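Written out below as structure tokens is the structure these notes cover.
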Amino acid sequence: MRIVVYDIEVFRYDWFVIFYDVSSNTWSVFHNDNRGVRDYMSQPNLVFCGFNSKHYDDHLVKAICCGADNALVKQINDFIIVEDRPGWEHWFLRRNKFRFDSFDLMDDTQMGTSLKHIEAHMGWNIEETEVDFNIDRPLTQEEIDSTIHYCKWDVMATAKLLTLRKGYLEAKMNVGRTKGMPDAVALSKTNARLT
């Protein structure tokens, strides 16, 4: 099992998915490339890790892997963020399926805790994008570079948190193993569900 930390950023005409393979210390950056994301995520033995990914990122990458165009990716983004609806309720995600193993480091943290809160408490630098997520045109090259930098920053913060929570995650896998549960399944569950 290889753990890949990931994050996604969505604009009206542009979206980005950035993967960081923890074991090989390699980055993969995808910009408006559905097939590239699908091919990457279809590799065997990968487990994807994010922060708040169950609520947001997992739904968007499923849509991307199922061929959603940029307008539909933005529509699903707004369905989740603006309308505050669960991604699985969106018509496109109900009709189209793409399976991958993932877990969310936000599980079992104090409710309302964001990645930025954790960065602040740990004394890490906090970076925010200067690119407006509601921009009504394709991004310039400078904005693309800035967004990739920002997204990589969040991925690296999540990877640091993954390292800090290594013992906790190993305990979850060990609990799952006592009942013959695959590691990826144990990681995907909250403590309450795993128990």
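Here is the figure for the range 175-193: residues that are β-branched (V, I, T), exposed (fewer than 15 other Cβ atoms within 10 Å of the Cβ) and more than 22 Å from the chain's Cα centre (by Cα) total 1. With respect to the conditions (1) over 13 Å from C49 (Cα atoms); (2) surrounded by fewer than 12 Cβ atoms within 10 Å (Cβ to Cβ); (3) not aliphatic (A, V, I, L, M), T163 falls short on a single one, namely (1).
How many residues does the range 1-33 hold that are open to solvent by 40 Å² or more (accessible area, probe 1.4 Å) and within 19 Å of A63 (Cα to Cα)? Residues that pass the stated criteria total 6.
Taking the range 66-78 as the region of interest, how many residues are open to solvent by less than 20 Å² (accessible area, probe 1.4 Å) and either in a helix (DSSP H, G or I) or within 30 Å of G167 (Cα to Cα) (or both)? Steps first, answer last, please.
First, the residues of the range 66-78 that are open to solvent by less than 20 Å² (accessible area, probe 1.4 Å): 68, 73, 76-77.
Right, trim to either in a helix (DSSP H, G or I) or within 30 Å of G167 (Cα to Cα) (or both) and you get 73, 76-77.
Of the residues in that region, 3 qualify.
Among residues of the range 58-71 that are under 15 Å from Y6 (Cα atoms), those with a beta-carbon under 7 Å from a residue that is among the aromatic types (F, W, Y) at least six positions away or on a different chain give the pairs H59/W88; K62/F98; C65/F98.
For residues in the range 129-155 being hydroxyl-bearing (S, T, Y) and either modelled with pLDDT of 90 or more or not in a loop (DSSP other than H, G, I, E, B) (or both), which is farthest from V5 (Cα to Cα)? Give the steps one after another, and end with the answer.
Within the range 129-155, the subset hydroxyl-bearing (S, T, Y) is 129, 140, 146-147, 150.
Filter once more, so that each one left must be either modelled with pLDDT of 90 or more or not in a loop (DSSP other than H, G, I, E, B) (or both): 140, 146-147, 150.
Details: T140: 26, S146: 20, T147: 17, Y150: 15 Å.
Top of the filtered list is T140.
Listed by first and then second residue, the pairs with beta-carbon distance under 7 Å, at least 6 apart or on different chains, first residue in the range 183-195 and at negative phi, second outside any helix (DSSP H, G or I) and of a type in the set (S, T, N, Q), are S188/S102.
Looking at G50, G87 in this structure, which one is touching a residue at least 40 places away in the same chain (Cβ under 8 Å), under 23 Å from K189 (Cβ atoms) and of a type in the set (G, A, S)?
Working: G87 fails: touching a residue at least 40 places away in the same chain (Cβ under 8 Å).
Sole residue among the options that is touching a residue at least 40 places away in the same chain (Cβ under 8 Å), under 23 Å from K189 (Cβ atoms) and of a type in the set (G, A, S): G50.
The values are calculated or read from the model by the stated rules, or taken from the named source; none is laboratory data. Please read all numbers here as calculations on a predicted model, not as lab measurements. Don't worry about glycine lacking a Cβ; one is built from the backbone with ideal geometry, like all the others, and counts go over all protein chains shown. SASA here: full protein model, heavy atoms, side chains in, ligands and nucleic acids out. Shrake-Rupley method; radii C 1.70, N 1.55, O 1.52, S 1.80 Å.
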